[in-house]
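Here's the structure, in structure tokens; my notes come after.
The values are calculated or read from the model by the stated rules, or taken from the named source; none is laboratory data. Just so you know, these numbers come straight off a predicted model, no measurement behind them. Cβ placement follows ideal geometry from the backbone for every residue including glycine, while neighbour counts extend to all protein chains displayed. Surface accessibility is based on the protein's heavy atoms, side chains included, excluding ligands, DNA and RNA. Shrake-Rupley method; radii C 1.70, N 1.55, O 1.52, S 1.80 Å.
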Amino acid sequence: MLCPSMSNPFREDLVSRARPEACSVVIFGATGDLTHRKLIPALYNLAIDGELPTGVKIIGFARREKSDDVYREGLRELNEEVSRNGHDPEIWKDFENSIEYHQSEFQDEDGYKRLAERLEAIDAERGGKGNRLFYVASAPEYFDDILINLKKAGLNESVDGCWSRVIVEKPFGTDLASAQHLNQVVNQTFEEKDTYRIDHYLGKETAQNIMVLRFANAIFEPLWNNRYIEQIQITCSEHLGMEGGRGGYYDNAGALRDMVQNHLLQLLSLVAMEPPTDLSADGVRDEKVKVIRSLRQWDTPELVSENVVRGQYTAGHVHGKSVVGYTEEDRVDPESMTETYVALRCMVDTWRWSGVPFYIRMGKRLPKKATEISVHFKAPPNVLFNASHSEADEGNVLVIRIQPDEGISLRMVSKLPGTSLRLEPVKMDFQYSTSFGKGSPEAYERLLLDAMAGDATLFARRDEVEEAWKFIDHIHNGWKHNNESATPEMAEFVAGSWGPEEADNLLVKDGNTWRRL
């Protein structure tokens, strides 16, 4: 725990960050939705804000036949729709001049040789060798091919004081064995210091602010332990289902693999970690991985049944619109045992958190889209105000909103004006958009800049990924055992509700309830 005399890792002289450097950004999967909706708009918005290093070149690598002009036009059309800063035709005209298209199959070695020649020509225009940032945004089945062929073409090598780095998108494996294999392939191609496993949740402004909230504010850190905190809840709710043909992917993934293994365990580790000795990438990630290793393992079918609930949505109504059940969705197996909802009771077995349950829930087809962390403080002895029963009995709650409306709120108790002694909850609220007069940058903007600067703090390290998969694999093994039994445990809930009753019961046995969003 943080002591008053402890040195502050947030001192101004310790938080200076490396500057992003000009480079050639090669995006594999350049015709995909991620590139069009997130990566190119992020780079464009950085250019608008004056944060994109001068001289950045963007090369889209994909299998389809396209000219540079046709590729740029498709990017422009979607950028007009999704750009955070709007679309300025004059700025776009300058920006698109830095974009080129490179056609090749991901397995074609010759395509990588031609890419190497193209990058060398770009470097020559700059007057010498250049930095390279490779972004693997393709379908996961091509990750190995791309990494191996980059090595064969010599594009993984950092030479003459310049660097070569790779960003690998999720999903980073589908279980521990596949993640270990991918880690082996990556580390045979790029050094660990040049490998950036991206989790866009860590690029969100509120997620970045968790450490600042905890360690830079003396009013929170002394209370951040099992003496004062009753429970912590992490909720990720989505109102969407399997739109856009997503059913084929999702039916092989599920809520636990798709969201909990990466995004939500990352948020848990930020909330539960000890203060790092400094703000270096490894200083922060050392503490995060300790949290993942400290998670109590649900390593038998009985423990899984007691601490994890899975469910599927049935037909219902979301935002006034009728929707079908999960097994009726396009490209979903009608007999599917894939969960669209999961709730977990996690225990972090450290001195700080002993006895404090961390509840995680994630679901599709819930009433609203939201991600938040709520810290529920223990109630004071009910002696002075034991006759005042109201919502105030729920106590103090600190809520960290990741999305939407990024911000932080603190719920506390106050006396209602009047002659009677009546207690009511009140809320102190901080929103980024109103407090700072502008919206937060998109997560990919920050993460792309960090990769250009060589700062891996907000990216997952190899051991983080593997420790998270160990925890998740135990749960899946328990489910597999239960699937083979006579009564597989798959709860159902109506689309548009907050999940199955079994998830409520998971907290009731601890004397707790889910926070109402």
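Give me the extension gain from Asp94 to Arg296: residue separation times 0.36 nm, minus the current Cα-Cα distance, reported in nm with one decimal.
67.4 nm is the gain from fully extending Asp94 to Arg296.
Among 51-64, 327-340, how do they line up from the highest to the lowest mean number of other beta-carbon atoms within 10 Å? Mind dumping the intermediate values first?
Numbers: 51-64: 19.0, 327-340: 17.4.
The peptides rank, most packed first, as 51-64, 327-340.
Run the numbers on the chain and let me know its relative contact order in percent, using alpha-carbon pairs under 8 Å that are six or more apart.
That works out to 19 percent.
Among 135-141, 184-190, how do they line up by average Cβ neighbours within 10 Å per residue, starting with the highest?
Working: 135-141: 19.0, 184-190: 17.4.
Packing proxy ranking, top to bottom: 135-141, 184-190.
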With the range 321-376 reduced to its Cα atoms and the Debye formula applied, log10 I(q)/I(0) at q = 0.15, 0.18, 0.24, 0.28 1/Å amounts to -0.65, -0.79, -1.05, -1.21
Taking the Cα centre of the range 192-326 as the origin, how large is its charge dipole in debye, to the nearest 20, when only Lys and Arg (+1) and Asp and Glu (-1) carry charge on their Cβ atoms?
200 debye
Karplus-derived 3J(HN,Hα) from phi for the range 259-264 (6.51 cos²θ - 1.76 cosθ + 1.60, θ = phi - 60°), whole Hz, x at Gly and Pro, runs 10, 6, 4, 10, 4, 7
Given points 7 Å out from each Cα along the Cα-Cβ axis, report the Asp278 to Asp160 separation in nanometres with one decimal.
3.1 nm
Hey, can you grab everything whose amide H is under 5 Å from the amide H of Val318? Only 5+ residues off in sequence or another chain; H modelled, so Pro and N-termini drop out.
Val323
Quick one: net charge around Trp479, please, counting Lys, Arg +1 and Asp, Glu -1 for every other residue with C-beta under 11 Å from its C-beta.
-2
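Give the peptides 505-514, 261-270 in descending order of average Cβ contacts within 10 Å, highest first. The partial results should precede the final answer.
Working: 505-514: 14.2, 261-270: 24.6.
In descending order of packing, they fall as 261-270, 505-514.
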Label-to-label distance, nm, for residues given as Met412 and Gln107 (7 Å Cα→Cβ offset):
6.4 nm
Less than 10 Å Cβ to Cβ from Ala42, Lys/Arg counted +1 and Asp/Glu -1: what total charge do the surrounding residues give?
+2
Note: Glu328 to Glu21 extended length (0.36 nm per residue) minus current alpha-carbon separation gives 105.6 nm
Mind listing the phi-derived Karplus ³J(HN,Hα) values for the range 104-116, rounded to whole Hz, using 6.51, -1.76 and 1.60 with θ = phi - 60°, and x for any glycine or proline?
5, 6, 5, 8, 8, 4, 4, x, 6, 5, 5, 5, 4
Can you check what the net charge comes to around Glu73, using other residues whose Cβ is under 12 Å from the Cβ of Glu73 (Lys, Arg +1; Asp, Glu -1)?
-2
Using the Karplus curve 6.51 cos²θ - 1.76 cosθ + 1.60 with θ = phi - 60°, what ³J(HN,Hα) values do you get for each residue of the range 92-98, in whole Hz, with x for Gly and Pro?
4, 4, 5, 5, 5, 5, 8
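At 0.36 nm per residue, minus the direct Cα-Cα distance, what do Arg422 and Ala253 gain on full extension? Give it in nm, one decimal, please. Please list the in-between numbers first.
Details: separation 169, 0.36 × 169 = 60.84 nm, distance 4.95 nm.
Length gained, Arg422 through Ala253: 55.9 nm.
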Can you spot the lysines whose alpha carbon is less than 27 Å from Lys129's alpha carbon? Ignore those fewer than 8 places along the same chain.
Lys57, Lys93, Lys113, Lys151, Lys152, Lys193
Once you keep just the Cα pairs under 8 angstrom separated by 6 or more residues, what percentage relative contact order results for the range 7-120?
30 percent
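Given the pairs Lys290/Lys470; Lys204/Lys369; Lys321/Lys368; Lys288/Lys470; Lys288/Lys378; Lys364/Lys427, which are separated by over 18 angstrom at their Cα positions? Before the final figure, lay out each step's value.
Details: Lys290/Lys470 14 Å; Lys204/Lys369 15 Å; Lys321/Lys368 13 Å; Lys288/Lys470 15 Å; Lys288/Lys378 25 Å; Lys364/Lys427 29 Å.
Listed pairs above 18 Å: Lys288/Lys378; Lys364/Lys427.
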Please compute the modelled spin-label separation between Ala216 and Arg64, points set 7 Å along Cα→Cβ, answer in nm with one decimal.
4.2 nm
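Would you work out what percent of the accessible area of the chain, with all protein chains in place, is carbon or sulfur (probe 1.4 Å)?
Numbers: 11420 of 23240 Å².
For the chain, the apolar C and S fraction of the accessible surface comes to 49 percent.
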Of Pro404, Cys236, Pro417, which is farthest on the positive side of the dipole of the chain, counting Cα position, with +1 on Lys and Arg Cβ, -1 on Asp and Glu Cβ, and the Cα centre as origin?
Pro417
Once amide hydrogens are built 1.01 Å from N within the peptide plane, the residues lying 5 or more places from Gln403 or on another chain with amide H under 5 Å from its amide H are Thr371
If you find the alpha carbon centre of the range 195-228 and of the range 119-145, how far apart are they in angstrom?
33 Å
Which of these values of volume of the Cα convex hull per residue in Å³ was calculated from the structure shown: (i) 176; (ii) 215; (iii) 165?
(i)
Amide H proximity to Glu339 below 5 Å, modelled H, separation 5+ or other chain, gives Ala255
